[in-house]
1. Mind listing whichever residues of region 12-30 are assigned to a loop (DSSP other than H, G, I, E, B) and modelled with pLDDT of 95 or more?
2. Check D90 against each of (1) modelled with pLDDT of 95 or more; (2) out of contact with any Ser or Thr (no Cβ under 9 Å at 6 or more places or on another chain); (3) of a type in the set (D, E); (4) surrounded by 15 or more Cβ atoms within 10 Å (Cβ to Cβ) and name the one condition it does not meet.
3. In region 146-170, which residues are assigned to a strand (DSSP E or B) and under 21 Å from E33 (Cβ atoms)?
4. Looking only at region 93-140, count how many residues are acidic (D, E) and either touching a helix residue (DSSP H, G or I) at 6+ places or on another chain (Cβ under 9 Å) or surrounded by 13 or more Cβ atoms within 10 Å (Cβ to Cβ) (or both).
5. Kindly establish whether E310 is farther than 26 Å from S256 by Cβ, of a type in the set (D, E, K, R) and surrounded by fewer than 21 Cβ atoms within 10 Å (Cβ to Cβ).
6. Filter region 325-335 for residues that are buried (at least 18 other Cβ atoms within 10 Å of the Cβ) and not polar (S, T, N, Q) and give the result.
7. How do the pairs read when you match residues in region 14-43 that are basic (K, R) with residues anywhere that are surrounded by 24 or more Cβ atoms within 10 Å (Cβ to Cβ), using Cβ under 7 Å and keeping only pairs 6 or more apart or on different chains?
Amino acid sequence: MTVRKIVRRLGLRSSRPAPQRLVVSYLYPPTAETSAYVVAKRIRNWGIPVDVISSTGDTGREPDKAAGQIAGDLARRVIQVPGGRHDLNDWSIIEDFSTGGLAAFEQLQSDGRTYRELYSRSMMPGSHILAASIKQRHPDLHWIAEFSDPVRFNTRGEHRQAPLPYSAITAPLIASAQQAGYSVDPANGMFDLVEYAVYALADTIVFTNKQQRELMLNAVADPQLRESIVRRSKIWPHPIPDAALYNAVPSSHTTSAKPVNFAYFGVFFGARSAEDLTDAFGLLTKDERTRVHLDLYVDKPRRVRKAVREQGLADVVRVRPLVPYLEFLNLTTKYDWLIVTDARTDGVHALNPYVPSKLADYRGSGRPIWALVEPGSLLSQDETIERTPIGDVAAAAQFIRSQLN
């Protein structure tokens with residue numbers, strides 16, 4: 001018999017306060033994805049106990065078991081809804097998560113849980129669909145819905161489209177969206193419904209930065225609907241980890257013996273590329289290259305390593321695979337400079353809505369930050385970091401040289 005059952009049978013009260021907030025996050029540790037880590041950091045920074053409903057869905061990365069330390073005991077119960085391989089455009093995955101998540105919510109209620117607040121975060125879209133379904137059934141819950149990025153539009157500015165089947169999950173959400181004044185096309189409106197369900201039902205709508213909010217609002221044609229969203233909106237920058245997390249998992253990786261060491265951590269895809277970084281190191285003289293080093297921690301090290309060799313940069317650039325999150329935090333404290341790059345959105349979005357979440361992780365390390373920035377982006381306006389224009393290889397090389405003097 002478990003301790004919980006013994007306590008219940010004897011009529012005893014637990015000394016730990018019961019969670020008043022339920023977190024719905026399709027991605028949550030041990031899933032090794034950015035959004036999973038951000039949600040766990042949110043919980044840690046709130047400092048209040050929560051319950052979590054997440055998915056076991058496979059994203060193709062090894063589980064990060066140590067990441068459970070981020071939220072620690074503040075995550076009282078973590079219920080994982082069984083899921084298969086994740087596909088962003090497959091509604092059936094969202095449907096299964098929502099159906100299983102509603103059953104998990106009912107189980108929590110039957111176990112005596114009562115909540116005042118509901119929090120969800122995209123990515124992934126399924127988080128908001130499940131949360132919206134719970135909100136419809138329990139309208140007294142205060143629903144806080146956070147957007148990490150625009151859902152309806154991708155980094156190339158394209159309108160995401162995927163079929164939206166009629167079901168017991170979608171029908172009431174479509175009705176709520178339409179009642180609020182939003183039009184949903186079942187033929188390709190899956191991602192539209194995710195945003196519109198939040199706009200129609202959430203009590204607090206969270207954006208990570210002001211340009212993201214403005215860009216997403218500009219896609220809402222009706223000024224009254226936009227005003228309704230603004231009234232309920234808040235800006236929550238990405239959470240900065242506390243100092244203890246940077247020492248939780250020491251890394252065995254070391255920096256080079258050269259005087260100045262740079263590091264980049266992340267994924268190169270779409271609007272970000274390795275050449276934005278490596279080309280500048282290619283302009284350094286032979287003597288300069290003996291005094292500086294760049295470590296790239298990336299998700300596809302073999303491909304990036306091949307590109308580095310072809311550029312003739314193996315003596316100055318080392319490629320390593322991504323490391324688990326807490327080890328990454330520890331590594332950030334070892335380098336002289338941490339590099340972050342803007343997503344390229346010129347000619348794609350009217351505003352750059354993206355601020356990399358790793359910027360918050362870098363800030364917590366206390367190390368200097370160098371950003372390759374796009375004009376008009378929030379990174380380009382940040383005077384607490386060093387900045388050079390993205391794509392300006394000469395300016396980047398000059399910045400590197402300035403650190404060698």
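1. Our first condition is that a residue be assigned to a loop (DSSP other than H, G, I, E, B); within region 12-30, this holds for 12-20, 25-30.
Residues satisfying the conditions are P19, Q20, S25, Y26, L27, Y28, P29, P30.
2. (1)
3. Scanning region 146-170 gives E146, F147, F153, A162.
4. Initial filter on region 93-140 (acidic (D, E)): 95-96, 106, 111, 117, 140.
If we keep only those that are either touching a helix residue (DSSP H, G or I) at 6+ places or on another chain (Cβ under 9 Å) or surrounded by 13 or more Cβ atoms within 10 Å (Cβ to Cβ) (or both) too, we end up with 95-96, 111, 117.
Looking only at that region, the number is 4.
5. Values: farther than 26 Å from S256 by Cβ: no; of a type in the set (D, E, K, R): yes; surrounded by fewer than 21 Cβ atoms within 10 Å (Cβ to Cβ): yes.
No; evaluated as a whole, the condition is false for this residue.
6. Kept after step one, since they are buried (at least 18 other Cβ atoms within 10 Å of the Cβ), are these residues of region 325-335: 325-332, 335.
Residues satisfying the conditions are Y325, L326, E327, F328, L329, L331, Y335.
7. Between residues of region 14-43 that are basic (K, R) and residues that are surrounded by 24 or more Cβ atoms within 10 Å (Cβ to Cβ), the close pairs are R21/Y119; K41/I70.
Matching residues to (1) surrounded by 14 or more Cβ atoms within 10 Å (Cβ to Cβ); (2) over 30 Å from A71 (Cβ atoms); (3) of a type outside the set (S, T, Y):
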position: V230; (1), (2), (3): no, yes, yes
position: P237; (1), (2), (3): yes, no, yes
position: A244; (1), (2), (3): no, no, yes
position: A248; (1), (2), (3): yes, no, yes
position: N261; (1), (2), (3): yes, yes, yes
position: F265; (1), (2), (3): yes, no, yes
position: A280; (1), (2), (3): yes, yes, yes
position: T285; (1), (2), (3): no, yes, no
position: L294; (1), (2), (3): yes, yes, yes
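The values are calculated or read from the model by the stated rules, or taken from the named source; none is laboratory data. Just so it is clear, the structure is predicted and the values come from calculations on it, not from any experiment. Reconstructed Cβ throughout: ideal geometry from the backbone, glycine too, with neighbour counts over all protein chains shown.
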